[in-house]
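Peer 1: After the structure tokens below, expect a handful of questions from me.
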Amino acid sequence: MGEPAMYSRMRTAWIMAIGMALTAGLSHVLSPKQQVEAQMRASMPLEQLFPTAFGPWRLDPAAAALVRPAFERARQFKMYDQVLERTYVDGVGRRIMLSVAYGRQQSVGLQMHRPEVCYRAGGFKVSDVEPGRLTLLGREVPVTRLFASMEGRPEPITYWRLLGRELIADEAHFKLRQLLPGAAPGGIPDGLLVRISSLDDDLPRAYKLQADFAQAMSQAFTPTQRARVLGW
């Protein structure tokens, strides 16, 4: 091997070693902060994150059974650390179902299931799965919309996911973050899924109502709640 080639390989090796050392040092500095934030998120009950009344919406305990189907299978296999299910009603009797799932470690082997997966597993027909955007407090939130249905239950759905404090709608991006947890200080991130749905066979009308509900809810958040549910 000639000297130029040998020196080139040595230089490459040194660059890689320095890069690895810098990455390790950066992770060492940032990881404790990230771990503390993750522990705080894990210890906060979901019931404290979502107000029971805001805008025209009030909690409707009598209708709690409406939100159950998509989470029964997840409960059975203990996929989540916390699950919150609520139904809200407004002054004219319109109802919105809010379902929230939290998982402490979103590794590839242990992850929250997307509604399109859970609903199919629950016997629903799922169609019209597409990305969307909600404008909440003047900022855009990437969401996924879909239509789940079975006889007597047409259910348009809007949901978003956080990995750590990052809103992620794209599934490829979500998988990449799971496969490369070291890319984010603190190791394997936690995850939060917020699902808003209603019983309606008119999709544009349902998605408009869900967007209005999400906007009213976000306006009622404290800064702590907003950071936890929306990531900012």
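The values are calculated or read from the model by the stated rules, or taken from the named source; none is laboratory data. Not measured: the values here are computed from a predicted model. We place every Cβ from the backbone using ideal geometry, glycine too, and count neighbours over all the protein chains shown. These accessible areas exclude ligands, DNA and RNA; they are computed on the full protein's heavy atoms, side chains included. Shrake-Rupley method; radii C 1.70, N 1.55, O 1.52, S 1.80 Å.
Peer 1: Can you confirm whether ALA216 is at pLDDT below 95, part of a helix (DSSP H, G or I), open to solvent by 10 Å² or more (accessible area, probe 1.4 Å) and out of contact with any Ser or Thr (no Cβ under 7 Å at 6 or more places or on another chain)?
Peer 2: In short, no.
Peer 1: For the range 124-159, which residues satisfy the criterion of being open to solvent by 10 Å² or more (accessible area, probe 1.4 Å) and β-branched (Val, Ile, Thr)?
Peer 2: Passing the criteria: VAL126, VAL129, THR135, THR144.
Peer 1: When you scan the range 21-106 for strands (runs of 3 or more DSSP E) that lie fully inside it, which ones turn up with 2 or more residues that are at pLDDT 60 or above, in contact with a helix residue (DSSP H, G or I) (Cβ under 6 Å, 6 or more places away or on another chain) and within 30 Å of ARG120 (Cβ to Cβ)?
Peer 2: 82-89, 95-103
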